[in-house]
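The values are calculated or read from the model by the stated rules, or taken from the named source; none is laboratory data. Note that the coordinates shown come from a computational prediction; the quantities given were computed from them, not determined experimentally. A quick note on method: Cβ atoms are made from the backbone with ideal geometry, for glycine too, and the neighbour counts reach across all protein chains shown. Protein only, heavy atoms only, side chains kept; ligands, DNA and RNA dropped before computing areas. Shrake-Rupley method; radii C 1.70, N 1.55, O 1.52, S 1.80 Å.
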Amino acid sequence: MAAPHPPAPSPAGEGEQKSLSEWERDIPADMKGRGQDLGSLTEVKMSIYLGIDIGASTVKLGLWDAEKGVIGDRLDNPSRASEGPDATINVIKSAATEICKTHNINPQDLKAIGACCPTPIDPSGLCVYPTNIDHSWQGVNVKQKLSDSFNLPALLLNDGDAAAYREYAVRETQHQSSSSMAQFITGTGLGGALIINGKIFCAPGVAAELGHILTDSSDTADVCGCGAKGCAETRASLLGLRNMVKHRQAQGNVPEALQGDPMEVAKTLRQLGQSENPLQDVTDIWHEYFTNLGRAARTVLNIVGCDLIVISGGAQEKQPNASEASYQRFKTDAIGWIRHEIDHSFPHLKNTRVEWSIDTLSDSAAYGAAQYASIILP
């Protein structure tokens, strides 16, 4: 899912004395002045960003130095998102104090916040619709809440955008990037993002919802969580795997491995697909999964003209018991099925790179948001 990146002016104007936020007033006295022993207080003030990945169950915080990259380990806490945005903000404030203390950073030296959450975001930082979080978040300007709580400039991205920007940045350092990249993030749903000339694609409204491209116009198409029928997400996601298992069960004669609660069966399909000799039914399900993802990718290519498609998320994860050969076969087959759909279109699309993610940092959206803040916010 893509989210615009509106400018987010600092709560304190240029040259003004910042008033202390509630969070800053609550900083323990023994943390005031931390950072002095880091060698260059000016560098700390000018380069450290707080990254925040807000999820329905977990909130993940990380520190990003614009000069040196990731600082230490990420800190994860229960998000309390089901209790509403204010409860989550309180969790974030406590966690921010903790992560700064752990890494000997004065919280007052943070320059800005880069945050993301699993909902469509409008240009002002407002959660448009709570697709993957509690309904109490609908219509809440989370960017403003974060900025007010920390007395810092903030930006809010969709989590798919944040993850895609992190992927772009990694590829840029390894000379594997593109000026026009589309990323599909596989998970419970199907997220997406566009990175154009090094920036997250933005629009006046919510944009680049790649999981909601139409890939099935048949009468039997499944209804998507967005309300429409036949979206790519109804096949190329965990929910899509569930749908395909449910349809096969309704037809009867499924192997024992595909019997039982459709969602629980869906959760086993990656393991089954990466086995030495996968069942034909399992292979057929994954073929349908990546074929639909390929159809969505072809639509993106014909509209935007990207020359790189990146696939990331759950579908890429290696099962603990899978051999390297089986894992590589699974990934090679997936790219082949995607390519088959792309190559049905114009000949020049055969030059499009279709690749798995190369970002090795686990759950890196918090760092992607912080890194993006370091180039977008003043």
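Any idea what the dipole of the chain comes to, in debye rounded to 20, about its Cα centre with Lys/Arg Cβ at +1 and Asp/Glu Cβ at -1? It would help to have the intermediate numbers written out before the result.
Numbers: 32 positive and 45 negative charges, 71 e Å.
Magnitude of the dipole: close to 340 debye.
Between residue 157 and 115, 116, 117, the built amide H atoms are under 5 Å apart, and every one of these is 5 or more places off in sequence or on another chain. Shape class for the chain, computed from the alpha carbon gyration tensor (a ≥ b ≥ c): prolate, with a/c not under 1.5 and a/b above b/c. Of the GluC sites (Glu not before Pro) found in region 246-343, those in coil by DSSP whose Cβ has at most 16 other Cβ atoms within 10 Å are 276, 317.
Local charge sum around residue 354 (other residues, Cβ-Cβ under 12 Å, Lys/Arg +1, Asp/Glu -1)? With Lys, Arg at +1 and Asp, Glu at -1, the neighbours total +1. Taking Lys and Arg as +1 and Asp and Glu as -1, the other residues whose beta-carbon sits under 12 Å from that of residue 366 total -2.
At full extension, residue 280 and residue 203 could sit 23.4 nm farther apart than now, given 0.36 nm per residue minus the alpha carbon distance.
Compute the helix-to-body angle for 280-304: its Cα long axis versus the longest principal axis of the chain, expressed 0 to 90° and rounded to tens. Taking the Cα atoms of the chain, the angle to 280-304 is about 60 degrees.
222 nm [θ] for the chain, helices only, -39500 (n - 2.57) per DSSP H run of 4+, per residue, to 500?
Values: 11 runs with 133 residues, N = 378.
Per the formula, -11000 deg cm²/dmol.
How high is the relative contact order of the chain? Use alpha-carbon pairs under 8 Å, at least six apart in sequence, and give a whole percent. Once normalised by length, the contact order is 21 percent.
Relative contact order for region 161-205: 37 percent, from Cα pairs under 8 Å spaced at least 6 residues apart, divided by residue count. Based on Cα contacts under 8 Å between residues 6+ apart, region 224-292 shows a relative contact order of 33 percent.
With the simple spin-label model, which puts each label point 7 Å out from Cα in the Cβ direction, the residue 217 to residue 343 separation comes to 2.5 nm.
Just to be sure I follow: if Rg is taken over the C-alpha atoms of region 206-269 and Rh is the Kirkwood radius over the same atoms, what is Rg/Rh? Intermediate results must be reported in sequence, preceding the final value.
Numbers: Rg = 12.7 Å, Rh = 12.4 Å.
Ratio value, two decimals: 1.03.
Calculated accessible area for the chain comes out at 43 Å² per residue, all protein chains present (probe 1.4 Å; ligands, DNA, RNA ignored). Accessible surface ranking for 286, 337, 1.4 angstrom probe, highest first: 337, 286.
With 31 Å as the limit on Cα-Cα distance, the pairs of 229/267; 143/318; 60/331 that go past it are 143/318.
Rounded to the nearest 10 degrees, the angle from helix 365-376 to the longest Cα principal axis of the chain is 60 degrees.
On a full-extension model of 0.36 nm per residue, what is the gain between residue 350 and residue 94, subtracting their alpha-carbon distance, rounded to one decimal in nm?
On the way: separation 256, 0.36 × 256 = 92.16 nm, distance 5.02 nm.
Stretched fully, the residue 350-residue 94 segment lengthens by 87.1 nm.
Backbone geometry of region 256-264 corresponds, through the Karplus equation with coefficients 6.51, -1.76 and 1.60 at θ = phi - 60°, to 3J(HN,Hα) couplings of 4, 5, 9, 9, x, 4, x, 5, 5 Hz, x marking Gly and Pro. Here r is the Cβ-Cβ distance between residue 302 and residue 375 and R0 is 30 Å; the resulting FRET efficiency, rounded to 0.05, is 0.50.
Other residues whose C-beta falls under 13 angstrom from the C-beta of residue 142 contribute a net charge of -4, scoring Lys and Arg +1 and Asp and Glu -1.
Element breakdown for the chain at a 1.4 angstrom probe: carbon and sulfur atoms account for 49% of the accessible area.
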